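S.K.: Attaching a single structure in structure tokens format; questions to follow.
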Amino acid sequence: MSIRFDPHTILKTQYFFFTGKGGVGKTSTACAAAVTLADAGKRVLLVSTDPASNLQDVFGRELSNQPVAIEGVPNLFVANLDPESAAEAYKKKVVAPYRGVLPDSVIITMEEQLSGACTVEIAAFDEFTTLLTNEQLKSQFDHILFDTAPTGHTLRLLQLPSAWSGFLDESTHGASCLGPLAGLESKKTLYNEAVRTLSDGEMTTLILVTRPEQSPLMEAARASSELRGTGIKNQMLVINGLLLSHSEEDPVSKGFYNRQQRSLEQMPAELQELPSYVIPLAPFNVTGLESLRNLFQSAPLASTEKVTAVEIDRSIPDLGGLINDLEESGIRVIFTMGKGGVGKSTVASAIAVGLAERGHQVHLSTTDPAAHLEYVFGENSDCITLSRIDPKIELERYQAAVIQQNSESLDDEGLAFLEEDLRSPCTEEIAVFRAFADLVEHSEEEIVVIDTAPTGHTLLLLDATQEYHKEIARSSGLIPDSVQHLLPRLRNSKETSVVIVTLAEATPFYEASRLESDLERAGIPTKWWAINQSFAAAGTNDKVLNGRAHAELQWISKVEEISNGHAAIIPWQPDEITGYEQLKALTGKYLKIGKRVNEEK
């Protein structure tokens, strides 16, 4: 029997980490849990570590690194760990002791070395570990909840205390992008304390949030195993968005229910061992305090609502129309971007298949650390090649290449110094960036479709485009052609196009809107939006699903408006999309079925 998730009786430790695949409802669950605990009289701090945090959308106010009280919820304080502002503060803190002591030229060099994406990651990590170890802060709150980035990024964040502790223990030269040796030494105690807090089951609970779907369950299992290996063993599973009942006569309702049940029956063994709780699927978008307070009691509200048909704008094109436009425009590099869990991998795969079906040679790849492209695609074709940027493989490749390039010019001591520097956790980011540049360079031979990581991680990667020139030059002395060509190629609207993928819901829409603004500032062109997994386009009379369909309408209108009519819509599918033929069908066939449902009413 399923046990409802009830923060009052379940959440006992001081620290909680909510993690899982993008789009599974981590933020909604963390926010609703924080409000519930605060309403019960507990003093609560909720912190987002996601570079693309959505807490401001949920609570309807701007947030910063400093906790602020939430109006309407006494005892609740909320903060966003903004990596950019953290990096700026970190740089000032590191450089300040040397101003007026060292020559200006040395200060300028230090500032340049502290301007890369590596510093951004370290600065955010520095704040994170401080939150875990600050005794004054701990004494102020009964509970501190972390709403984390999607799994891949979070795995890295939670593994970093051990990684940095190990690096500092082994470091003999003090050579790293952290800064002066004195700074390194002061971090050892902090990182060791962070490791101790994370691995103490009396202090920390890891909450693996998942949808009852195969891919998020697989990702939760992987996160569970990897984090257990780092010592974070006090874990629980929360299955969010479970449809408790269904209608046999409604194909969408029946398909949705059956897909969830099949996925739960095939739950990985790692998750079956964990304490497990469920949150019923809510018939509304989770924004604002009222919906947060209703989230854990959503099913009874749904049963009293009257079902009315949903009508959508029939002029909205399907995915086939989007692909036709990309082909006619001669685009060579296509990115799918958006919030985690909106279906970027599926849309990228369908675009690749659509272009291949039109006779083009296509390369489909992913930069997502938690990628499941092979699972979505299933099989290859003569016109499509697949690849994935695997951080571990790229790190090994990059380290070997740099050592080889410098082996003849350095003596044994210099080579040992370089090898130690390359063991820094920062090097992985550089290696991934190099591979990303090489991938884009492929567009000279074939159309390149790139499925990116969730928004925050992708933005950090793109922001790094110029800064990495300096870092690569510092460590290897060479800037390859692919890196030099990258930014001009990304900014050329005749060569590159970004397809923004979203759901017709508040949080994915707001995150996608901010993404589009950031890309515009970076000079990277966007044109199309794809509204994925739409219940409004699919047509359903199920009370819960119909409630979500009605809630979609305002967001479909907003997407049409912001995209100037370049919005394609993809109905929710009764069958999971895997394999070439299903991807091919997604480019047009199923939208007609969705419209016919509405036409028959």
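S.K.: Report whether or not Thr189 is open to solvent by less than 60 Å² (accessible area, probe 1.4 Å), at pLDDT 70 or above, among the polar types (S, T, N, Q) and part of a helix (DSSP H, G or I).
M.R.: For Thr189, the condition - open to solvent by less than 60 Å² (accessible area, probe 1.4 Å), at pLDDT 70 or above, among the polar types (S, T, N, Q) and part of a helix (DSSP H, G or I) - is not met.
S.K.: Moving on to the next point. Go through region 326-339 and count every residue that is within 28 Å of the chain's Cα centre (by Cα) and of a type in the set (Asp, Glu).
M.R.: So the count comes out to 0.
S.K.: Follow-up. Spot the failing condition for Ser2; the list is (1) open to solvent by 20 Å² or more (accessible area, probe 1.4 Å); (2) within 26 Å of the chain's Cα centre (by Cα), and only one is missed.
M.R.: Among (1) open to solvent by 20 Å² or more (accessible area, probe 1.4 Å); (2) within 26 Å of the chain's Cα centre (by Cα), the lone unmet condition for Ser2 is (2).
S.K.: Say whether the condition of being touching a Ser or Thr at 6+ places or on another chain (Cβ under 6 Å), surrounded by 21 or more Cβ atoms within 10 Å (Cβ to Cβ) and closer than 22 Å to Thr197 by Cβ is met by at least one residue in region 79-99.
M.R.: Scanning region 79-99, I find at least one residue that is touching a Ser or Thr at 6+ places or on another chain (Cβ under 6 Å), surrounded by 21 or more Cβ atoms within 10 Å (Cβ to Cβ) and closer than 22 Å to Thr197 by Cβ, so the answer is yes.
S.K.: So Asn54 clears everything in (1) of a type in the set (S, T, N, Q); (2) over 21 Å from the mean Cα position of the chain (by Cα); (3) closer than 22 Å to Pro280 by Cβ except one condition, right? Which one?
M.R.: (2)
S.K.: In region 274-332, which residues are at pLDDT below 90 and on the phi > 0 side of the Ramachandran plot?
M.R.: Result: Gly288, single match.
S.K.: Taking only pairs six or more apart or across chains, which ones have beta-carbon atoms under 7 Å, a first residue in region 377-395 that is closer than 21 Å to Phe436 by Cα, and a second residue that is assigned to a loop (DSSP other than H, G, I, E, B) and at pLDDT below 85?
M.R.: Matching pairs, first to second residue: Leu386/Asn380; Arg388/Ala371; Ile389/Thr367; Pro391/Pro369.
S.K.: How many residues, within region 401-440, are polar (S, T, N, Q) and in contact with a His (Cβ under 8 Å, 6 or more places away or on another chain)? Can you show your working first?
M.R.: Pass one, region 401-440, residues polar (S, T, N, Q): 404-407, 409, 424, 427.
Going one step further and asking which of them are in contact with a His (Cβ under 8 Å, 6 or more places away or on another chain), we end up with none.
Result for region 401-440: 0.
S.K.: Still on this structure, I have one more. Being open to solvent by less than 40 Å² (accessible area, probe 1.4 Å), at pLDDT 85 or above, in contact with a helix residue (DSSP H, G or I) (Cβ under 9 Å, 6 or more places away or on another chain) and not β-branched (Val, Ile, Thr) is the requirement here; does Gly354 meet it? Can you show your working first?
M.R.: Details: open to solvent by less than 40 Å² (accessible area, probe 1.4 Å): yes; at pLDDT 85 or above: yes; in contact with a helix residue (DSSP H, G or I) (Cβ under 9 Å, 6 or more places away or on another chain): yes; not β-branched (Val, Ile, Thr): yes.
The answer is yes for Gly354.
S.K.: Residues that are at pLDDT 85 or above and within 20 Å of the chain's Cα centre (by Cα): find the helices (runs of 4 or more DSSP H) completely inside region 483-571 holding 3 or more of those.
M.R.: Hits in region 483-571: 506-521.
S.K.: Restricting to region 44-69, name every residue that is free of Cβ contacts under 8 Å to residues at least 12 places away in the same chain and touching a helix residue (DSSP H, G or I) at 6+ places or on another chain (Cβ under 7 Å).
M.R.: Within region 44-69, just Glu62 meets the criteria.
S.K.: Still on this structure: Given the conditions (1) more than 21 Å from Arg262 (Cβ to Cβ); (2) within 27 Å of the chain's Cα centre (by Cα); (3) at pLDDT below 90, and given that Gly201 satisfies all but one, which numbered condition is not satisfied?
M.R.: Gly201 satisfies every listed condition except (3).
S.K.: Which of (1) touching a helix residue (DSSP H, G or I) at 6+ places or on another chain (Cβ under 8 Å); (2) at pLDDT below 95; (3) surrounded by 20 or more Cβ atoms within 10 Å (Cβ to Cβ); (4) not in a loop (DSSP other than H, G, I, E, B) is the odd one out, the single condition Ile239 does not satisfy?
M.R.: So the condition that Ile239 fails would be (2).
S.K.: Within region 5-32, how many residues are among the acidic types (Asp, Glu) and either crowded, with 24+ Cβ neighbours inside 10 Å or more than 25 Å from Pro283 (Cβ to Cβ) (or both)?
M.R.: So the answer is 0.
S.K.: Could you grab me the full set of residues in region 204-236 that are of a type in the set (Ser, Thr, Tyr), crowded, with 19+ Cβ neighbours inside 10 Å and at pLDDT 85 or above? Can you show your working first?
M.R.: Step one: list which residues in region 204-236 are of a type in the set (Ser, Thr, Tyr), which gives 204-205, 210, 215, 224-225, 230.
Add one more test, that the residue is crowded, with 19+ Cβ neighbours inside 10 Å, and what stays is 204-205, 210, 215, 224.
Once the filter is applied, which keeps residues that are of a type in the set (Ser, Thr, Tyr), crowded, with 19+ Cβ neighbours inside 10 Å and at pLDDT 85 or above, region 204-236 yields Thr204, Thr205, Thr210, Ser224.
S.K.: Using the structure shown, decide if Ser345 is of a type in the set (Ser, Thr, Tyr), surrounded by 20 or more Cβ atoms within 10 Å (Cβ to Cβ) and either at pLDDT 85 or above or within 27 Å of Lys26 (Cα to Cα) (or both). Outline the logic, then answer.
M.R.: Working: of a type in the set (Ser, Thr, Tyr): yes; surrounded by 20 or more Cβ atoms within 10 Å (Cβ to Cβ): yes; either at pLDDT 85 or above or within 27 Å of Lys26 (Cα to Cα) (or both): yes.
Yes.
A quick yes/no check of all residues on (1) modelled with pLDDT of 80 or more; (2) of a type in the set (S, T, N, Q); (3) in contact with a His (Cβ under 8 Å, 6 or more places away or on another chain):
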position: Ala371; (1), (2), (3): no, no, no
position: Asn380; (1), (2), (3): no, yes, no
position: Cys383; (1), (2), (3): no, no, yes
position: Ser387; (1), (2), (3): yes, yes, yes
position: Pro391; (1), (2), (3): no, no, no
position: Gln399; (1), (2), (3): yes, yes, no
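S.K.: If you don't mind, another one. Return the pairs, sorted by first residue and then second, in which the second residue is modelled with pLDDT of 90 or more and open to solvent by 50 Å² or more (accessible area, probe 1.4 Å), the first residue lies in region 487-514 and is within 18 Å of Ser534 (Cβ to Cβ) and among the aliphatic types (A, V, I, L, M), the beta carbons are less than 7 Å apart, and the residues are 6+ apart or on different chains.
M.R.: Short answer, once both residue conditions are applied: Leu503/Gln533.
S.K.: Let me ask something additional. It is to be established whether one or more residues within region 579-589 are in contact with a helix residue (DSSP H, G or I) (Cβ under 9 Å, 6 or more places away or on another chain), modelled with pLDDT of 90 or more, open to solvent by 20 Å² or more (accessible area, probe 1.4 Å) and outside any strand (DSSP E or B).
M.R.: No: zero hits.
The values are calculated or read from the model by the stated rules, or taken from the named source; none is laboratory data. Predicted model, so just to flag it, every value in this text is computed and none were measured. Counting neighbours? That spans all protein chains shown, and the Cβs are built from the backbone with ideal geometry, glycine included. Ligands, DNA and RNA are stripped out before the accessible areas are found, and what is left, the full protein with its side chains, is counted by its heavy atoms. Shrake-Rupley method; radii C 1.70, N 1.55, O 1.52, S 1.80 Å.
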